[in-house]
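One structure is given below, encoded as structure tokens.
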Amino acid sequence: MGASTGPIVVMKRYELKYILSPKQTEYFKKSIEGHMKEDAYGLSSIASIYYDTANFQLIRTSIEKPLFKEKIRLRSYGLASEDSPVFLELKRKAYGIVYKRRVQSTIPLVKKFFDGEGDICAGGQINREITTFRDYYPELSPASIIIYDRIAYYEPGGDLRLTIDHNPRYRMEHLDLTYSMEGISLLDEGYTILEVKVQEAMPLWLTKILTEGKIYKTSFSKVGAAYKKQLLGT
């Protein structure tokens, strides 16, 4: 198998999540003006296939909220094609800190990788971590797709990143990034998911905005919510 030659990314940061009502979403966007800038992509649609074992071992472990959890997903920006760039991401969370390894590839190469045919990238520590993960869990295969429409913001000169995800939705059939961007809604209409991503402490101005808007941290997981809704009926 030919290994990916695309960029490899390693991230370590805190990620805090909040569920916003339509009114809170409007308030928050207005309040961060002057502090944050919207990135060049504007509103963009993102789809991710989450891989799991036949008995959903990864997601069942995750929703128990352990001190350590991990997952692997394949992400596309917009509807993918067989030869468009996609991103295989190994994401781990330990004691509140998120560690992410990310490799650019293509759908055919990723399928071969999960079939056990070679590496996902050209050697090195990241390749070893992702390959070890694949080999540890028996017969990983696509389990769900999570889709949302995201606006991302960055802090000029700082490390703070914010994302607001509109219309989060899921599918547990047609598990193919080339199929469509349609899915079943995870939240009530107009509600959004705010994620605050920072390497150090949250700035005071942001804490003030969240407090005044009565916006409170939650442990919401999109893939966990999809699992509970579809398979547990909750």
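Can you say whether Y51 is at pLDDT below 90, farther than 25 Å from D188 by Cα and not aliphatic (A, V, I, L, M), as far as the supplied structure shows?
no
If a residue must be at pLDDT 90 or above, more than 21 Å from N167 (Cα to Cα) and polar (S, T, N, Q), how many such residues does region 193-234 contain?
So the answer is 2.
Does any residue in region 58-80 that is free of Cβ contacts under 8 Å to residues at least 60 places away in the same chain come within less than 9 Å, Cβ to Cβ, of a residue that is part of a helix (DSSP H, G or I) and surrounded by fewer than 18 Cβ atoms within 10 Å (Cβ to Cβ) six or more places away or on a different chain, and which pairs are these?
K69/T61
Let's see how each residue does on (1) closer than 23 Å to L206 by Cα; (2) surrounded by fewer than 19 Cβ atoms within 10 Å (Cβ to Cβ):
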| position | (1), (2) |
| --- | --- |
| E15 | yes, yes |
| E26 | yes, yes |
| A40 | yes, yes |
| Y50 | no, no |
| E70 | no, yes |
| S76 | no, no |
| K91 | no, yes |
| Q104 | no, yes |
| V110 | no, no |
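Restrict the check to region 171-190 and report whether at least one residue is free of Cβ contacts under 8 Å to residues at least 40 places away in the same chain and surrounded by 15 or more Cβ atoms within 10 Å (Cβ to Cβ).
Checked against the condition, which is being free of Cβ contacts under 8 Å to residues at least 40 places away in the same chain and surrounded by 15 or more Cβ atoms within 10 Å (Cβ to Cβ), region 171-190 yields at least one hit.
Could you say whether any residue in region 153-164 is closer than 20 Å to L58 by Cα and either in contact with a strand residue (DSSP E or B) (Cβ under 8 Å, 6 or more places away or on another chain) or among the hydroxyl-bearing types (S, T, Y) (or both)?
no
Note down all Cβ pairs under 8 Å where the first residue falls in region 222-234 and is within 13 Å of T61 (Cα to Cα) and charged (D, E, K, R), the second is modelled with pLDDT under 90 and in a loop (DSSP other than H, G, I, E, B), and they're at least six residues apart or on different chains.
Correct list of pairs: K228/I63; K228/T234.
Name every residue in region 191-207 that is surrounded by 16 or more Cβ atoms within 10 Å (Cβ to Cβ) and either under 15 Å from A47 (Cα atoms) or of a type outside the set (D, E, K, R) (or both), in order of residue number.
Passing the criteria: Y191, T192, I193, L194, V196, V198, L206.
Residue under question is L231, and the condition is that it be farther than 21 Å from L43 by Cβ and exposed (fewer than 15 other Cβ atoms within 10 Å of the Cβ); does it hold?
Here the answer is yes, as L231 does meet what is asked.
The values are calculated or read from the model by the stated rules, or taken from the named source; none is laboratory data. For clarity, every value in this text was computed on a predicted model and none was experimentally measured. Methodologically, a virtual Cβ is constructed for each residue, glycine included, from the backbone with ideal geometry; neighbour enumeration extends over all protein chains shown.
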